[in-house]
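The values are calculated or read from the model by the stated rules, or taken from the named source; none is laboratory data. Treat the numbers as computed from the prediction; the structure is a model and nothing was measured. As a convention, Cβ positions derive from the backbone with ideal geometry for all residues, glycine included, and neighbour counts pool all protein chains shown. With ligands, DNA and RNA removed, areas are computed over all heavy atoms of the protein, side chains included. Shrake-Rupley method; radii C 1.70, N 1.55, O 1.52, S 1.80 Å.
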Amino acid sequence: MSLALFLAACIWDQHWGEMPNRLHPVVWMGNSIKAAEGLFLGHGARLEKVGGILMALGIPLFWSGLVWGLLHFSKGLVFLLIGIFFLKASFALKALLEAGLILQEK
């Protein structure tokens, strides 16, 4: 099953590239970081330091726990689709190759 997920995510990446921002989990993570920063920034060095530590631990834990829960409680085709979606979001080979080719041409 793992190989099928990986191959499907690679096919998605090569054929369709990146998801729109509103559907991209990495963008969601960035938005959660931005929201959490608003709770701590500008409230003194100590609170900013504690907030940074909480964010560094809590945000990855939240998102990885969410994905784990979705995968753990799903089966069959739903498991496959969720796995492909989140695995694809974790890399951008097509976009990186295109960016490299554009830079190489300049």
So the helices (runs of 4 or more DSSP H) completely within region 13-91 holding 2 or more residues that are over 25 Å from LEU3 (Cβ atoms) and either β-branched (Val, Ile, Thr) or in contact with an Asp or Glu (Cβ under 9 Å, 6 or more places away or on another chain) (or both) are 25-40, 45-72
Within region 11-30, the residues that are touching a residue at least 60 places away in the same chain (Cβ under 8 Å) and either under 15 Å from ILE84 (Cβ atoms) or open to solvent by 90 Å² or more (accessible area, probe 1.4 Å) (or both) are TRP12, ASP13, GLN14, GLY17, GLU18, MET19, HIS24, PRO25
All conditions in (1) over 19 Å from the mean Cα position of the chain (by Cα); (2) open to solvent by 40 Å² or more (accessible area, probe 1.4 Å); (3) modelled with pLDDT of 80 or more are true of SER74 except (2)
Condition check: modelled with pLDDT under 90 and on the phi > 0 side of the Ramachandran plot. Does GLY44 satisfy that?
no
Exactly one of GLY51, GLY83, GLY58 is open to solvent by less than 50 Å² (accessible area, probe 1.4 Å), free of Cβ contacts under 8 Å to residues at least 60 places away in the same chain and within 18 Å of the chain's Cα centre (by Cα), and that residue is GLY58
Log entry, pairs with first residue in region 64-76 being more than 17 Å from ALA89 (Cα to Cα), second being open to solvent by 70 Å² or more (accessible area, probe 1.4 Å), beta carbons closer than 9 Å, six or more apart or on different chains, reads SER74/LEU81
Subset of region 86-106, residues open to solvent by 50 Å² or more (accessible area, probe 1.4 Å) and at pLDDT 90 or above, comes to LEU87
